[in-house]
Amino acid sequence: MRDIPRFSSTQPSLPRSSDNTLALAIFLLIANLVGLGPVIVGALTDFFSAQFYGPAFSSQCVGEAASSACRAAEAGARSWALIVVSALAVWSAAHLFLAARTVAKDSVS
């Protein structure tokens with residue numbers, strides 16, 4: 001129910017019905033990709049952990065026997081992963097703001 005305004009905002013903005021359908025399909029694709037946030041944060045955490053600890057992170061830092069260096073590397077990596085994802089969200093919001101300035105002009109009456 002909460003998605004209806006977002007769906008309907010893509011419909012009247014283009015002149016042809018096929019363009020409206022394509023716009024809604026692209027919108028839904030992007031909206032569903034946003035749901036991959038936790039997966040992206042996890043992948044970035046793994047990447048940054050290997051950068052902070054070294055290439056042996058995945059083999060040496062497993063289970064309860066992980067050293068304090070492993071935990072510190074993972075905590076730093078998680079912080080950087082969240083910073084990267086947050087920066088991407090700000091970048092996305094900036095582009096939505098820029099696009100919103102021309103919605104009225106781009107709409108087809």
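What the table shows:
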| item | result |
| --- | --- |
| Extreme residue, farthest from PRO38 (Cα to Cα), among residues of the range 61-79 that are modelled with pLDDT under 80 and assigned to a helix (DSSP H, G or I) | ALA65 |
| Residue pairs meeting the criteria (Cβ under 9 Å; at least 6 apart or on separate chains; first within 16 Å of VAL41 (Cβ to Cβ), in the range 76-100; second at pLDDT below 85 and of a type in the set (A, V, I, L, M)) | SER92/VAL34 |
| The lone exception for PRO38 - which of (1) touching a residue at least 24 places away in the same chain (Cβ under 8 Å); (2) farther than 16 Å from SER92 by Cβ it fails | (1) |
| When residues of the range 14-50 are limited to those that are of a type in the set (S, T, N, Q) and surrounded by 14 or more Cβ atoms within 10 Å (Cβ to Cβ), the one modelled with the lowest pLDDT | ASN20 |
| Which numbered condition SER68 misses (of (1) under 25 Å from the mean Cα position of the chain (by Cα); (2) of a type in the set (S, T, N, Q); (3) loosely packed, with under 10 Cβ neighbours inside 10 Å) | (1) |
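The values are calculated or read from the model by the stated rules, or taken from the named source; none is laboratory data. Keep in mind that what you see is a predicted model, and the values were worked out from it rather than measured. FYI the Cβ positions are ideal-geometry reconstructions off the backbone, even for glycines, and counts take in every protein chain you see.
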